[in-house]
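Visitor: I'd like to ask some things about the structure below.
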Amino acid sequence: MKKILIICCIISSLLASSLETFKSDYDQALKLYNSGDFQNASIQFYALSEVAPENVEVNFYLGRSSLELKHYDDAVSAFDRVLILNPSHVRTKLELARLYFEIQQYDTAQSLLDGVLQEQLPLTVQENVVALKSAIDQQRAKHTFGGALILAWDYDTNIGNDVGRGVTQNVLSIIDLPGNNQRKSAGLAQTLVLNHSYDMGEKGGFAWDTAFIAYNKNLTQYSDKDLMFFSLSTGPSYTYDIYKLSLQAGYDKVRLESDDYMNITHFSLNLKAILTPELMLETDITQKRNLHTQSSNTTDSDATLYTMGVRYALNPQDPWIIAAYISYKDENERDKAAAQYGVSLDEWSYRLELSKEIFKDFRATIGYTYKDTNYKEFDALFNLKRSDTEDYYSTSLSYMLTKQSSVMLSYAYSDHASNNALYTYKKNVTALSYIYSF
């Protein structure tokens, strides 16, 4: 009898030790998962599933880790084991629906979501299900529309910043406009953005994308700088797996003080690669032709722009969104016979941006851009080749009022230096905006 008691104590001790080891390994795997290390998390959860194949939570997180890694077959197997053990496991059905949505099996995803909606669900879960069903409907539609309306008030300490061809306003990061004397003014701006996409075949294949932008700004003090801007671009795109290739042709018109100022034609080739849900790479080549409407203007030019960028979500559970872009512009004057300086140039630009949701519905963004511009012509009047640099700092705080609308307070500071003192200036812009997306 004594021997039996000793054996039972040994077995009990071994089982307790085994359970403690299992719990420790599970906690470590869950920590890896929560930190976004899905590769190592999946390895550990797989090892745990070999030890305890009947454990629902282990199989669930094995499926979640595999889904984040886009190992869809492994994820389906793990989720299926969960539903065998617990057929009413709602979280697993939701993750399976997301999986089938990602691999474009929309009927299966829709069926799973319809089943989930029959359950008693918390309000937030219901909202997520409805949002995913809406996304599926959009993917099935041949035509998809979207856009935004932006109303903004801003105060600019330098709407005209030098006596030559410097930057007065940078319109939507598309075009720079010249100015002369330094002047301060507030302004009211309205921006309308419309996007349309037509699916020309199976989802993930060919589509035709079109974008339209209309921008109007009225200054409270200097109407000679009132501005209207229209941009239309259209062209085919092709999506395959993680890649999207787009070819766009476009036309822009700029009006200054109610008069035609400039027409711009452009062609661009863009490639995006979504390597993981957290990491996106992008490269773009754009050819532009800038033609002024006044025949006496000799600053018409052709420009080629090359851009490469990356966006990364650091710590997916509470992400910091990091974006970094590098671009190069080669611009050349079209009127070679004109004695015009400051048109042909080479320019390198480097931008870093960081954003994060700091409180619920509040997002903060900070950015820094450095430009290095070298002009090609020698200016005999000043006995130099002009060379400029610019440090551009920006910060903003936005608050989401609803899922479709938000307000944003932003501030930007430019410090533009040049070896020609005429082109040295500083500039501050403070803006308050309302954005409605649809």
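Bear in mind that the values in this text are calculations on the coordinates, not laboratory data. Values in this document were obtained by computation on a predicted structure and should not be read as measured data. FYI the Cβ positions are ideal-geometry reconstructions off the backbone, even for glycines, and counts take in every protein chain you see.
Visitor: With +1 on each Lys and Arg Cβ and -1 on each Asp and Glu Cβ, how big is the dipole of region 16-140 about its Cα centre, in debye rounded to the nearest 20? The partial results should precede the final answer.
Guide: Working: 10 positive and 18 negative charges, 44 e Å.
In total the dipole reaches around 220 debye.
Visitor: Divide by every residue of the chain the summed helix terms, -39500 (n - 2.57) for each DSSP H run of at least 4, and state the resulting mean residue ellipticity at 222 nm, rounded to the nearest 500 deg cm²/dmol.
Guide: That calculation yields -9000 deg cm²/dmol at 222 nm.
Visitor: Quick check for me: using +1 on Lys/Arg Cβ and -1 on Asp/Glu Cβ, what's the dipole size of the chain about its Cα centre, in debye to the nearest 20? Don't skip to the answer; put the middle values down first.
Guide: Working: 40 positive and 54 negative charges, 110 e Å.
Value, rounded to 20: 520 debye.
Visitor: Going by alpha carbons, how many degrees (0 to 90, nearest 10) lie between the helix axis of 2-34 and the longest principal axis of the chain?
Guide: 10 degrees
Visitor: Against the longest principal axis of the chain, how steep is helix 72-85, in degrees 0 to 90 to the nearest 10, with axes from Cα atoms?
Guide: Rounded to the nearest ten degrees, it is 40.
Visitor: Okay, next question. So for region 16-140, considering every pair of alpha-carbon atoms, how many percent are separated by more than 25 Å?
Guide: 28 percent
Visitor: Right, next: Could you give the angle, 0 to 90 degrees to the nearest 10, between helix 106-116's Cα long axis and the longest principal axis of the Cα atoms of the chain?
Guide: 60 degrees
Visitor: When you count, for each residue, the other Cβ atoms within 10 Å and take the mean per peptide, how do 357-363, 402-408 rank with the highest first?
Guide: 402-408, 357-363
Visitor: Go through 275-281, 89-95 and give me the packing order, highest mean Cβ count within 10 Å leading.
Guide: 89-95, 275-281
Visitor: Just to be sure I understand, if you calculate semi-axes √(5λ) of the Cα gyration tensor in Å for this structure, which of (i) 38, 27, 20; (ii) 33, 24, 20; (iii) 55, 25, 21 do you get?
Guide: Recomputing semi-axes √(5λ) of the Cα gyration tensor in Å here gives the entry labelled (iii).
Visitor: Right, here's the next one. Compute the distance from the alpha-carbon center of region 410-438 to that of region 205-220, in whole Å.
Guide: 22 Å
Visitor: Compare Asn290, Asn158, Asn315 in a GNM of the chain, Cα atoms joined below 10 Å, and give the one with the largest fluctuation.
Guide: Evaluated over the chain, the most mobile residue of the options is Asn315.
Visitor: What is region 144-437's relative contact order, in percent, from Cα pairs under 8 angstrom and six or more apart in sequence?
Guide: Relative contact order, region 144-437: 13 percent.
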